[in-house]
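Peer 1: Quick one: the structure is below, and I'll ask about it shortly.
The values are calculated or read from the model by the stated rules, or taken from the named source; none is laboratory data. If you're wondering where the values come from, they're calculated on a predicted model, not measured in any experiment. Cβ placement follows ideal geometry from the backbone for every residue including glycine, while neighbour counts extend to all protein chains displayed.
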Amino acid sequence: MRVQFVLQEIWIGLRRNMTMTISLVITVAIAMALFGTGLLLRQQVDASKSYWYDKIEVSVFLCTKTSSNPSCQKQDVTDQQRQTLKATLDKMPQVSHVEYENKQQAYERFKDRFSGSPGFVESTREGDIPDSFRVKLKNPEEYKAVAQAMLQPGVDTVINEQEILKRFFRILNGLQVAALTIALIQVIAAVMLVGNTVRLSAFNRRRETGIMRLVGASNTYIQMPFILEGAIAGLIGGLFASILLVFSKKLLVDRLAGDVQLVSQLGWGKVIAVIIVSISFGVLLCAASSFLTLRRYLKI
Amino acid sequence: MIHFDNVTKVYPSQNRPALQHVNVAIEKGEFLFLVGPSGSGKSTFLRLVLKEERPSQGHVHVAGKDLSKLSNWKVPHLRRRIGCVFQDFRLLPNKNVFENVAFALEVIGKPRRFIGKVVPEVIDLVGLEGKAHRMPDELSGGEQQRVAIARAFVNRPMILLADEPTGNIDPATSIGIMKVLDRINRTGTTVVMATHDAAIVDAFRKRVVELEDGRIVRDQSRGVYGQAY
């Protein structure tokens with residue numbers, strides 16, 4: 001009896017305010033889709049960061065006859081300089097691991113990494129890539145200390161791989177901030193729309209609620225149809241949002257990941273988790289804002 | 001059953017109190033007419049019994065409970081024991097007679113079987129046999145008020161409050177409404193009826209409490225409406 005009564009009241013309420021309900025559903029769908037996209041990007045950034053931070057190194061290239069750095073004086077690095085540099089690096093607390101890579105190893109690695117573009121490999125000869133120390137840091141942020149310490153004779157250039165990644169992360173972060181900002185604006189719009197819808201509903205049903213009050217229906221019982229009305233609109237909006245999120249994963253996150261050859265792709269498990277979070281957030285948001293509006297427009 | 005203990009009510013927007021130092025005791029099973037001109041405080045009196053308003057001073061006791069000590073979430077339970085009838089009937093236009101009466105039980109969560117048994121009994125009690133499936137706009141004013149009384153009484157309240165129940169009804173039909181209220185009173189329900197209708201008060205000879213400018217100016221058993229009006 002109760003369930004049927006409540007469901008009937010909700011249906012009447014939603015149908016009476018059809019246009020309001022539709023605009024509410026659309027707003028919630030967009031808000032939740034953007035919110036979810038923001039979450040997905042965040043996870044993508046986190047996943048790629050931890051993947052890359054494990055792998056990035058600081059490369060200390062040593063002088064060769066062809067170095068353009070004037071401090072090299074067109075001389076190959078001497079064995080003594082090499083020893084001093086190695087000792088300095090080993091002693092630094094920020095450094096976790098140092099590996100020496102000679103010209104031949106460097107060339108092998110280069111061939112391996114660019115095996116997909118043979119033209120590129122052919123135009124490069126062994127010896128074009130100078131000897132280097134490949135330095136792994138305990139914390140990639142402490143790169144500056146190493147760069148400072150390597151201002152010594154025999155060093156051509158110090159390259160921090162992190163710099164290259166930073167640009168990519170900046171783009172992802174920017175997208176994420178944009179998505180969350182628009183989501184926030186939409187959330188505010190959704191809250192106000194819920195308020196308006198509930199106010200209209202309360203006005204349309206003032207006869208019923210007045211009688212319910214008089215015959216002693218409990219507050220929960222009077223408010224439930226209104227709150228569920230909001231929650232159902234939120235749920236429908238959330239379902240549309242999850243469709244949008246699947247598209248956003250396919251079109252945005254996956255494509256981005258493909259473009260920059262990210263090894264760590266977001267799995268569908270994570271997407272489903274984000275969808276569940278978005279739908280719950282949408283439902284709670286609408287239910288909570290109906291509840292708050294009711295306190296103003298439905299006297300108990 | 002209803003006990004007003006030095007009750008004063010001042011609405012925030014008005015200087016003049018709606019009720020001033022009202023003391024009255026209404027016993028179980030009594031039938032009481034509340035008379036007086038518009039604005040004399042009759043409606044405020046009824047609203048205080050329902051705890052729709054709280055007194056500015058003094059205490060209202062209903063069924064032995066001090067309403068000022070009744071927490072808000074218990075107010076619905078108080079209202080389940082009080083039936084209400086109004087001048088404007090307040091029926092739901094999209095529900096028929098049966099559904100209108102059943103509504104009062106549905107919203108307090110009574111089971112369907114109980115509703116199916118009790119509602120027809122009450123419809124018969126108020127004299128609407130065979131009209132259970134009529135819509136409100138197919139009924140006369142007097143019949144609509146009978147539906148409203150049935151709805152107020154279906155949960156067998158201890159108290160029935162009636163605010164000008166005959167205000168929109170012609171005198172001949174009013175007698176019928178009064179007979180229904182009297183029948184309800186005979187089942188042991190306390191009835192408080194606010195009214196302007198001198199003829200009815202004079203004909204029934206019940207207890208009369210007269211309010212003027214928020215004060216009780218007369219409390220008389222087996223009274224009449226009074227000469228002043």
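Peer 1: Can you confirm whether B:GLY127 is on the phi > 0 side of the Ramachandran plot and either within 19 Å of the chain's Cα centre (by Cα) or not assigned by TED's automatic domain parsing to the domain that holds B:ASP170 (or both)? Explain how you work it out, then say what you get.
Peer 2: Values: on the phi > 0 side of the Ramachandran plot: yes; either within 19 Å of the chain's Cα centre (by Cα) or not assigned by TED's automatic domain parsing to the domain that holds B:ASP170 (or both): yes.
The answer is yes for B:GLY127.
Peer 1: What is the residue count in the range B:57-87 for residues that are more than 25 Å from B:ARG151 (Cα to Cα) and not assigned by TED's automatic domain parsing to the domain that holds B:ASP170?
Peer 2: Here the count works out to 0.
Peer 1: Tell me, yes or no, whether the range B:72-80 has at least one residue that is surrounded by 14 or more Cβ atoms within 10 Å (Cβ to Cβ), modelled with pLDDT of 95 or more and touching a Ser or Thr at 6+ places or on another chain (Cβ under 8 Å).
Peer 2: Looking through the range B:72-80, none of the residues is surrounded by 14 or more Cβ atoms within 10 Å (Cβ to Cβ), modelled with pLDDT of 95 or more and touching a Ser or Thr at 6+ places or on another chain (Cβ under 8 Å).
Peer 1: May I ask you to say which residue of A:ASP46, A:ASP112, A:ASP76, A:ASP90 is more than 14 Å from chain B (Cβ to nearest Cβ), among the charged types (D, E, K, R) and within 28 Å of A:LYS270 (Cβ to Cβ)?
Peer 2: A:ASP46
Peer 1: Filter the range B:1-32 down to residues that are surrounded by 15 or more Cβ atoms within 10 Å (Cβ to Cβ), hydrophobic (A, V, I, L, M, F, W, C) and outside any loop (DSSP other than H, G, I, E, B), then give me how many there are.
Peer 2: Result for the range B:1-32: 9.
Peer 1: While we're on this one: Quickly run through the range A:1-15 and pick out the residues that are within 12 Å of chain B (Cβ to nearest Cβ) and in a helix (DSSP H, G or I).
Peer 2: A:ARG2, A:VAL3, A:GLN4, A:PHE5, A:VAL6, A:GLN8, A:GLU9, A:ILE12
Peer 1: Please verify whether the range B:129-144 includes one or more residues that are at pLDDT 95 or above and under 26 Å from B:MET1 (Cα atoms).
Peer 2: No, that holds for no residue.
Peer 1: If you go through the range B:166-193 one residue at a time, how many are out of contact with any Asp or Glu (no Cβ under 9 Å at 6 or more places or on another chain), part of a loop (DSSP other than H, G, I, E, B) and not β-branched (Val, Ile, Thr)?
Peer 2: Adding up the residues that qualify gives 2.
Peer 1: Only one of (1) surrounded by fewer than 22 Cβ atoms within 10 Å (Cβ to Cβ); (2) in contact (Cβ under 8 Å) with a residue 12 or more places away in the chain; (3) more than 15 Å from the chain's Cα centre (by Cα) fails for A:TRP11. Which number is that?
Peer 2: All conditions pass for A:TRP11, except number (2).
Peer 1: Restricting attention to the range A:26-79, report how many residues are part of a loop (DSSP other than H, G, I, E, B) and small (Gly, Ala, Ser). It would help to see each step written out before you state the result.
Peer 2: Residues of the range A:26-79 that are part of a loop (DSSP other than H, G, I, E, B), as a first pass: A:56-57, A:63-69, A:73-78.
In the following step, the residues that additionally are small (Gly, Ala, Ser) were identified as A:67-68.
Result for the range A:26-79: 2.
Peer 1: Please return the ranges of helices (runs of 4 or more DSSP H) entirely within the range A:184-298 where 2 or more residues are in contact with a helix residue (DSSP H, G or I) (Cβ under 9 Å, 6 or more places away or on another chain) and surrounded by 18 or more Cβ atoms within 10 Å (Cβ to Cβ). It would help to see each step written out before you state the result.
Peer 2: Details: elements: A:206-214, A:219-248, A:254-259, A:268-297.
The qualifying helices (runs of 4 or more DSSP H) are A:206-214, A:219-248, A:268-297.
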